[in-house]
Number of protein chains: 2
Amino acid sequence: METMSWNQQIVKKNNKALVLQLIMEKEPISRADIAQVSGLHKATVSSLVNELLEEDLIYESGPGESSGGRRPVILHFNKVAGYAVGIDIGVNYVLCILTDLKGNILIEKNQSVKRTPYPTIMTIIQSMIQSIIAEMPASRYGIVGIGVGVPGIVNKQGSILLAPNLGWTNIQLKKDLEDLFNLPVIIENEANAGAFGEQQFGAGQDFQNILYISAGIGIGVGIILNKELFQGKNGFSGEMGHMIIDINGKPCSCGSRGCWEAYASENALLELANSDSLELLIELAENHDETAQRLFREIGTYLGYGINNIINTFNPDQVILGNRLALARQWIEQPIRTTIENHTLAHHQKEMHLDFPKLGKYSTSLGVSAFVVEKFIKEEVKSS
Amino acid sequence: METMSWNQQIVKKNNKALVLQLIMEKEPISRADIAQVSGLHKATVSSLVNELLEEDLIYESGPGESSGGRRPVILHFNKVAGYAVGIDIGVNYVLCILTDLKGNILIEKNQSVKRTPYPTIMTIIQSMIQSIIAEMPASRYGIVGIGVGVPGIVNKQGSILLAPNLGWTNIQLKKDLEDLFNLPVIIENEANAGAFGEQQFGAGQDFQNILYISAGIGIGVGIILNKELFQGKNGFSGEMGHMIIDINGKPCSCGSRGCWEAYASENALLELANSDSLELLIELAENHDETAQRLFREIGTYLGYGINNIINTFNPDQVILGNRLALARQWIEQPIRTTIENHTLAHHQKEMHLDFPKLGKYSTSLGVSAFVVEKFIKEEVKSS
DNA sequence: TAATCTTTGTTTGTTGGATATACAAAGATA
DNA sequence: TATCTTTGTATATCCAACAAACAAAGATTA
């Protein structure tokens, strides 16, 4: 049952969370401004602010500009009250960052890997975290959690059921990390994390309903609806790489045929080009190589078909095309836009934004670190 | 700004709504049971129940069975405190029902139509509502609102932007009905309404995330996520009839090509069969007509492709195949299931339910009437 | 320059809802 | 018959938001 009914304590916690959220979003801000914006009485704001001050989640920075009377006391979010670890496990790299509570990167560890058996990756992760802990500055709350983004199917309990490109099945990474470091751990699908990262810190900050397409070796989609990640019943939502776009199409490794990612992923591109480097193809295109340019146009068109399906399905505010193929933005953007214009329902196109990531290779790692921070803040506010 | 901050009044309203909801779902129920289930103190429940009694939203039916002590007073939802009108506008019919607050149909008006210009339909609707008002039993709140389901694109303000099969563009049905009857009016897309109807009263009562496919002349999809209708940015979500499933496929009336509804709708079937009656084809199939049976298998397979895409995208609890093609369940169900088994990701298939409507032709009309009731209950509880 | 007005934030007291306690009613059980 | 249980109400208490008064500090104006 838990939280069916409401009472004063819940009201207080929610108002406290609201005050903190306003400070995070709108700092520098005064108590009076918070009262104004939130609708809470200024006495209420004062009392909640004082609690947050005692918890070191915010701090005062002295008087601000007067607007005709007594000068306000300026409040700030204490973004260094603690730190979060964000890890992005790719097919040929592991990226590990330490961020403050506002998603600024303080430390970064990057290692490319050739093979990806779980023990190998686990060893790398472990030593990365250990050295980050050693380098990290002191703070009130220390590391508030570890987030990991994985290219695979992750259930809501944090088990990695399947990560084909890593060769993993049924990996209990969450439990292993929790046992090692005794910290909260969040495991998420890489596309979901990227979506959240861009929504929190990147291209999606102004939008409510965002579809983030992670176009890399395969294609996954992170779905943000009403500013919240949508996970589906078990956490498997967004496997749109295996959306059929050609019923008579070519077989896919998943056993189906005509899947989107068989046409519009990095893998599909490299297969078409008979190449093994996206970067090389981009360089060719930049040097006016007709074939490379044509191949990108083709991939862009295929991406457009899938995005058409996404837009007609979700009527989103924004679609973000992320991950590796975003590197080829210059060559694929126009074909995508043209395909949408020619296929997607007119009403759905209006006010729809097609954008590219602002966080570059950090979308996923920042996303999981943001999950960790969100969880920390929520529990910190509730517990006191 | 409105409801950013919380206070005691909001707590009370939500607890009152919770108590009412429990009575609606679990009647017959006693005050003690409500306290048990909700976690509210029995004194609180007592006071809220007394308010609801005064508002005639619930009533007492005398003592129930003792469980070892004083006998409880049994409470019921007063489903006849008011009534709702639900209207389903189809391409060749208008269906109008009057329901009580629990979705039981009291009066039904049905009229088939040949042509669908707006004034014609409006006249029909108007006289239907008028005669329903005349026949309706007396009640405390009378008609609490009018809901209308339309096969077209409806925005969140209730304007019908486009209903191609009715030949309508930019119709202000909501305003016109409000002016005529001075009652709250809700206009919704027919698939969204069907989804809500089945979720409230039909096949979807046990599920959180439901995709309701309205397969008729065209295909639309109603999306229920976490028990709530998802509408997208403007209210246009679920236009999956225009999801591309064959990039080299045949042109669609929307200007695109390879759209799902060009392959898997009633229209597609009739075109293939060179017929103009679904009912006739079903009769043929029942009389062992090989061609008809083969055609249904084909349509079933095409439906399966689209459902595959839906499942991989949403990881839903349930997919409901509704509207006209559900009449051919006997002939299309197996091909659909086979297609899903052969294409959809294994993890997504587990625990996924493919079902057919339980409300038959009433899915949409019951859905809009349920929208009306939901709005009424919400406002009634808040206002006192 | 002094008087007044504004804005900010705190202090003190009030309000309204949930909760705790006591209790009455009514039936089950020993 | 005495005791225990369960249901529901009445009364008192608690707690968070709110309201009012006020102090601090600066702006404005006569």
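Interface area, chains B and A: about 5100 Å² of buried accessible surface, summed, with a 1.4 Å probe and ligands, DNA and RNA left out. Of the accessible area of the range A:8-77, computed with a 1.4 Å probe over protein heavy atoms only, carbon and sulfur atoms account for 48 percent.
Convert 20 °C to kelvin, take the viscosity as 1.002 mPa s, use the Kirkwood radius over C-alpha pairs of the range A:64-222 as Rh, and evaluate the Stokes-Einstein diffusion coefficient in µm²/s, rounded to a whole number.
For the chosen part, D equals 125 µm²/s.
Its residues counted as N, the range A:270-319 yields a C-alpha radius of gyration over 2.2 N^0.38 Å of 1.43. Pairs exceeding 19 Å between alpha-carbon atoms, taken from A:12/A:378; B:16/B:382; B:16/B:358; A:375/B:378; A:12/A:42; A:16/A:382: B:16/B:358; A:375/B:378. Ranking B:44, A:344 by solvent-accessible area of protein heavy atoms (1.4 Å probe, all protein chains present), from largest to smallest, gives B:44, A:344. Using a probe of 1.4 Å, the accessible surface attributed to residue A:24 totals some 50 Å² when neighbouring protein chains are kept in position.
Taking the 1.4 Å solvent-accessible surface of the range A:203-357 as the whole, the part contributed by carbon and sulfur is 42%. Accessible area per residue for the protein assembly as shown is 42 Å², calculated with a 1.4 Å probe on protein heavy atoms, without ligands, DNA or RNA. Annotation for the range B:189-208 versus the range A:315-330: alpha-carbon center distance of 34 Å. Quick one: Debye curve from the alpha-carbon atoms of chain B only, equal weights, vacuum; give me log10 I(q)/I(0) at q = 0.07, 0.11, 0.12 Å⁻¹ to two decimals. Result of the Debye calculation: -0.36, -0.84, -0.97. Our Cα-only numbers for the range A:203-357 put the radius of gyration and Dmax at 15.1, 47 Å. Annotation for residue A:112, label-to-label distances across the other copies: 7.1 nm (shortest first, one decimal, point 7 Å from Cα along Cα→Cβ). For q values of 0.05, 0.07 Å⁻¹, compute log₁₀ I(q)/I(0) with the Debye formula on a Cα-only model of the protein assembly as shown, without solvent. Evaluating at q = 0.05, 0.07 Å⁻¹ gives log10 I(q)/I(0) of -0.29, -0.58. The charge dipole of chain B, taken about its Cα centre with unit charges on the Cβ of Lys, Arg, Asp and Glu (plus for the first two, minus for the last two), comes to roughly 800 debye.
Taking B:139, A:159, B:127 and ordering them by how much accessible surface each has at a 1.4 Å probe, largest first, produces B:127, B:139, A:159. Ignoring solvent entirely, what values of log10 I(q)/I(0) come out of the Debye formula for the range B:128-221 at 0.18 Å⁻¹ when each Cα is a single scatterer? Ignoring solvent entirely, the Cα scatterers give -0.96.
The calculated pair-distance distribution of the range B:326-384 uses every alpha carbon pair, bins of 10 angstrom beginning at 0, and gives 18, 28, 24, 20, 10, 1 percent. Here residue A:354 and residue A:53 are evaluated by their C-beta separation; at R0 = 60 Å the FRET efficiency comes out at 0.90.
Counting only DSSP H runs of at least 4 residues, each contributing -39500 (n - 2.57), and dividing by the residue count of chain A, the helix-based mean residue ellipticity at 222 nm comes to -13500 deg cm²/dmol.
Ordering B:83, A:141, A:59 by accessible surface, largest first, gives A:59, A:141, B:83; the 1.4 Å probe counts only protein heavy atoms, with every chain in place.
The values are calculated or read from the model by the stated rules, or taken from the named source; none is laboratory data. Bear in mind that the values here come from a model prediction, so they are computed numbers and not experimental data. Counting neighbours? That spans all protein chains shown, and the Cβs are built from the backbone with ideal geometry, glycine included. Keep in mind that these areas ignore ligands, DNA and RNA; they rest on the heavy atoms of the full protein, side chains included. Shrake-Rupley method; radii C 1.70, N 1.55, O 1.52, S 1.80 Å.
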